[in-house]
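Written below as structure tokens is the structure these notes are about.
Each reported figure results from applying straightforward, stated rules to the coordinates on display, with no laboratory input. Being a predicted model, the structure only gives us computed values, none of them experimental. Every residue, glycine as well, gets a Cβ built from its backbone with ideal geometry; the counts of neighbours run over all protein chains shown.
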Amino acid sequence: MRAPVSWIRAHADLPEGQTPQQLAARLTALGLKLEAITSPGADLTGPLVVGRVLSLDREEHTNGKTISWCRVDVGPEHNLAAPSKDEPGRGIVCGAHNFGVGDLVVVALPGVVLPGGLAISARKTYGHVSDGMICSAAELGLGDDHEGIIVLDAAEAEPGTDAAAPLLLRDDVIEFEINPDRAYALSVRGIARDAALGAGRPFRDPADIAIEPGAGESYPVRVDEVAGCDVFVTRSVTGLDPAAPTPRWLARRLQLAGMRPITLAVDVTNYVMLELGQPIHGYDRDRLRGPVVVRSARPGETLRTLDGVERRLDPEDLLITDDRGPIGLAGVMGGQDTEITAGSCAVVIEAAHFSPTTVARTARRHGLGSEASKRFERGVDPRLQRAAAQRVADLLVRLGGGRIEAGETIVGEPAAPAVIALAADLSARVTGIAIGASAAIAALRAVGCTVEESHPLQVTPPSWRMDLTDPYDLVEEVARVVGYDSVPSVLPSAPPGRGLTASQRLRRRVGRGLAGAGFTEVVAYPFVGGSDLDGLGLLGDDPRRRAVRVANPLSEREPLLHTTLAPALLKVLARNAGRGFDDSALSLLTRVFLPGSGPLPPAPILPVDRAPSAAELGALDAALPDQPHHLALVVSGQAGADRTPAWSAALAAVRDVARLLGVPAGVAADARAPWHPGRCARITVDGIEAKDTVVGHAGELHPRVCRHFGVPARTAYAEVDLDALASRAPDVVPGPAISAFPVAKTDLALVVDERVPAGAVESALRAGAGDLLESIRLFDVYRGHPVPAAHKSLAFALRVRAPDRTLTDDEVAVVRDTAAAAARAAVGAELRG
Amino acid sequence: MMPAHQPAYDPVEVAALQPAAVDAARDDAVSAIAAAGSLDELKQVRLGHAGDRSPLALANREIGALPPQARKDAGARVGRARADVAAALAARSAELEVAVEEQLLVDEVVDVTTVAAGSTGARHPLTTLQERIGDVFVAMGWEVVEGPEVEAEWLNFDALNLGPDHPARSMQDTFFLDPPEAHIVLRTQTSPVQVRTLLARHPPVYVVAPGRVFRTDEPDATHSPVFHQVEGLVVDRGITMGHLKGSLDHFARSMFGDHVDTRFRPSYFPFTEPSAEVDLRCFVCLGRTPAVESCRTCKGEAWIEWGGCGVVNPRVLVACGVDPDEFTGFAFGMGIDRTLMFRHGVSDMRDMAEGDVRFTRAFGVEV
Ligand SMILES: [Zn+2]
């Protein structure tokens, strides 16, 4: 809402010296938030004066243009002596022709700088020295009217006087961001009321006018849909002069408030809406057919609205109709058939009160927000309609030469506002400010409430405050009048807390560990499309294809919520690679959304006047997909440390994460999209029910996946269900028993078939070696003579130690032999030479 | 006492035990030791002058041949000489060993400027900022709570006093899952976590809920369809707006420095009443003249818009099963992305969301 300060001041006795900035700050402190202050006209400087045209010669020039060579009286202070018999004045060349001798015009004398920076000086043109410029409205920043120059009324000013004043050129305009609970401030009336409150000065209510309808009814109205329209008032004005112009003061105020002047009748309705906050619709009475009826739309009805759009109406739309059918969307926009035009002489004024919900739904349904719907949605004062209609009628009579027809149609009556019981000390208890009962009562009265001083207080909000329904609403009113600055700063003392949860601590640990291991964490949107899943090579029955769908996605190409982090992370990698960062190790820790196999049930909408039952809460949760945290890692290019292949770096990183969480993780070969079928490991943990629960995969991506997402060849990717992994993390880490006895080291070289995974050999050795084995490590893989073809030699280093004694050589040999025997039994491993 | 029997006398051997000869042998040895320029040379000198075939060793062997009365003197003489030689050898050996090590240290010089910094990773600042905020409140005894991002419409709106016709519930603003009649949304705020918390535990409740939220905004410099919030909720007996102010002042000081505080302006949120917007005193210029006039952080305003807050609307307490006559509460919410932007001078939201490694790496592992 934009409000010219001069307009606010017309209704609030503000202190003389109060600057617009001070006024805006005061109103912001009262809850009308300052958006911007502008000072139209401030960018025009220098002598802009009223001039009277003394003489005028039309001259046709060789370039085909006709100019007016004028002599203009710009007042004794600015006039120059004439070179000949002419009267004192200035010679000015003007290209416009909409004026004549004797007219009052606006002259920018040399020294003026116009909005936009054009500096006026005396200059030679068309064979004359033009000693200034006669101005059009557009040149002065008074709108976009380039049709000729401004001609002032003879009564408006004297030659030589400052032209800015009669033009209302300069003003300050405050733009407010109005919160939904302050609908009353979508009007100069409401803003001025709070401005006066803020300054402690009197407020003059522009709605406080004499309503003189005369006897009888005005234009006939019937309201069929009472729930959508509780008040409907009409008045009629006839005998309007269609040619009557909108006076400059009214047009200028509309313009400063951000609306375009159109015709007098339309401008007056807009003016009254801005002034009072009551949207007005004016009908050309000669185009109405029969009584106005307010009703819901019928199937198949259509309406061409003022913006020229033919709209198919919904049965829930509230309509204004006459005998021909719909003539307006109630509270939103009128129809073209009955609109006021430049030729209208008789006007029916509609001032109604429509249900906020009805208007909001209709406006939303038709994508049609208007100044009227904006006000009705938030709530218009339901006792304002008669005054508003009177005000429109008065202005039309005064400015358009019409007369008010006797009679007023009033259909309906607004409900009386509910009385709110308010404990006198509630404001103090809620705000922490020491507010006595009398101060609270005074504050409520200051904002227009009626307060009956009983126990508890009986408070009736004013008609323009539909938002005040609860005691706490009144507390906010008291607090803003007393001032939010008075709220003390007191630290509450919380009961002792338990710190972060285990899951929160584990996620932090993983984040730090990965950063230390060289991974750069990124964030990503959760939106993916079917082509992303195709690009991963997921088959039709892959559970990761079962994704929840967004009904209104930002992009139709990405309507799904991801079930795997691969598309998100690979796109980030591709973006980085495109920016020259091929060697990247990235991590992404966020949720995936897994709807499971069956369709999810809908979530209920529960009542809000009580807490939901456990069953109801269960129904809410049952409607939601699983949302576990996944961790995804990607390694590309040379990012793997020490020239290890990317796949092994990614796998090692996942194992490190498991180790950070204190969870023993197993690794085994697997074949799964989107990985290279020969370079994919599944990560397993001891299951709670079954052994070896799969929690993730790591390995090199399939070459086709790399190409699809545009990431470097041989990029490695890992993804684990971090919640599943973390759920195995020990709550309490058991302390180790440290043996001080010496370690015995022994190596084993085993020859196995090429297809036997080293991990299987290691598991067998570990199982065979028994409890004395402290650690085992694969340190060499050898192929070639004398190892037979299609075989490999794996060399393991074993460390053997007893908790209670120094092992003898024989004991160590037994460990070594039983380990080797186990490997032979399990995978056919032969001891090498 | 002279021996009774005089053995055969060899004049050459006896000459080797003459004092002059012993001294000469010692002097030869000492000067050869001094001349040895390396440990290898010294080894040769040791063989020649202290080994089994050295003059002094040979002389020592002759002592037995002397008449008993002469043995004592000769023994002492040779012993002294051999001790002198041994001492000289030890001293020279130590000298040469030191020299060798010194040379080794010189030879092993490296160019320390060839070492590149290790490619350490980094944590995303939105993550670490959320953790840091959590730590501020945990230090006050509060707890950090979390909840689902895909959330029931009732928890995201109705329970928070946003009725069915509230504009925020439209598909213009909120992502609905398909079909919309299933009443599942991508949460537009972290407030449903507060509702879940109140439904799950009895007051007193002191929690913060950081997390990711979603709105249907096209990404640009100041908007993102996915962003982050932290909300706080306290429900206890006797809670006032003053406690809200005190908590936010402490939060502000913990994040921005000791001289920073907050300011309230009346505002509107369906789930709080009274409601306020919170401004943060500019932590760069502190609103002081003349610094404030050229301050780019607050753009000369002295205050930075930080978030919204208020007293928990009793209607919300009722929907959460809390008796509003017994308990009052406050809630606040701040944008984490926005906080990161003004705290660290980030000008484009897309930088935070795109995943460019340069952005994350600039922040290291803490903010
Ligand atoms: Zn500043």
Practice prompt. Distance between Cα centroids, region B:38-57 to region A:259-290: provide it in whole Å.
Written response: 125 Å
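Is the shape of region A:456-553 best called rounded, prolate or oblate, per the rule: a/c under 1.5 gives rounded, else a/b larger than b/c gives prolate, else oblate, with a ≥ b ≥ c the square roots of the Cα gyration tensor eigenvalues? It would help to have the intermediate numbers written out before the result.
Working: a/c = 3.73, a/b = 1.79, b/c = 2.09.
Here region A:456-553 falls in the oblate category.
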Item to complete: Using only the Cα atoms of region B:125-361, build the gyration tensor, take square roots of its eigenvalues as a ≥ b ≥ c, and label the shape rounded, prolate or oblate: rounded if a/c is under 1.5, else prolate if a/b is larger than b/c, else oblate.
Response: oblate
Practice prompt. Please say if region B:5-137 is rounded, prolate or oblate, where rounded means a/c under 1.5 for a ≥ b ≥ c the square roots of the C-alpha gyration tensor eigenvalues, and otherwise the choice is prolate for a/b larger than b/c and oblate otherwise?
Written response: prolate
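Scanning chain B for helices, which whole DSSP H stretches are 27 Å or more long along the axis (Cα) and average -1.0 or more by Kyte-Doolittle?
Working: long enough: B:68-107 (58 Å, -0.08).
Result, helices passing both filters: B:68-107.
What does the helix-only formula give at 222 nm for chain B: each DSSP H stretch with n ≥ 4 adding -39500 (n - 2.57), the total divided by the residues, and the result rounded to the nearest 500 deg cm²/dmol?
Values: 13 runs with 153 residues, N = 367.
Roughly -13000 deg cm²/dmol at 222 nm, from the helical runs in chain B.
Can you give the % of DSSP beta bridges in chain B that are antiparallel, to the nearest 5? Walk me through the intermediate numbers first.
Numbers: 42 of 44 bridges.
Around 95 percent antiparallel, to the nearest 5.
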Worksheet item: What is the list of residues in region A:253-288 whose amide nitrogen lies under 12 Å from a point 7 angstrom out from the Cα of A:GLU212, following Cα to Cβ?
Response: none
Practice prompt. With a cut-off of at most 14 other beta carbons within 10 Å, and DSSP calling the residue loop, which trypsin sites (Lys or Arg not before Pro) in region A:662-743 qualify? Please list them.
Written response: A:LYS691
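What's the longest piece of chain A with no exposed GluC sites (Glu not before Pro), counting a site as exposed if DSSP puts it in a loop and it has at most 15 other beta carbons within 10 Å? Display every interim value, and only then the final one.
Details: sites that count: A:GLU16, A:GLU77, A:GLU147, A:GLU156, A:GLU217, A:GLU316, A:GLU453, A:GLU556, A:GLU689, A:GLU754.
It runs A:317-452.
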Worksheet item: Which helices of chain A meet both criteria: a Cα extent of 30 Å or more along the helical axis and a mean Kyte-Doolittle score no lower than 1.0, with helices taken as whole DSSP H segments?
Response: none
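Return the loop-located trypsin sites (Lys or Arg not before Pro) in region A:36-141 (DSSP other than H, G, I, E, B) with at most 13 other Cβ atoms within 10 Å of their own Cβ; answer none if there are none. The partial results should precede the final answer.
Numbers: sites: A:ARG52, A:ARG58, A:LYS65, A:ARG71, A:LYS85, A:ARG90, A:ARG123, A:LYS124; in loops: A:LYS65, A:LYS85.
Filter output for region A:36-141: A:LYS65, A:LYS85.
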Worksheet item: What is the Rg over Rh value, at two decimals, for region B:269-334, using alpha-carbon atoms and the Kirkwood definition of Rh?
Response: 1.25
Fill in: Unit charges at the beta carbon, dipole of chain A: most positive-side option, A:MET133, A:ALA424, A:SER493
A:SER493
Discussion item. Please give the Cα centre distance for region A:550-627 versus region A:198-213, rounded to the nearest Å.
Written reply: 55 Å
Discussion item. Roughly how far apart, in whole Å, are the Cα centres of region A:457-506 and region B:202-219?
Written reply: 18 Å
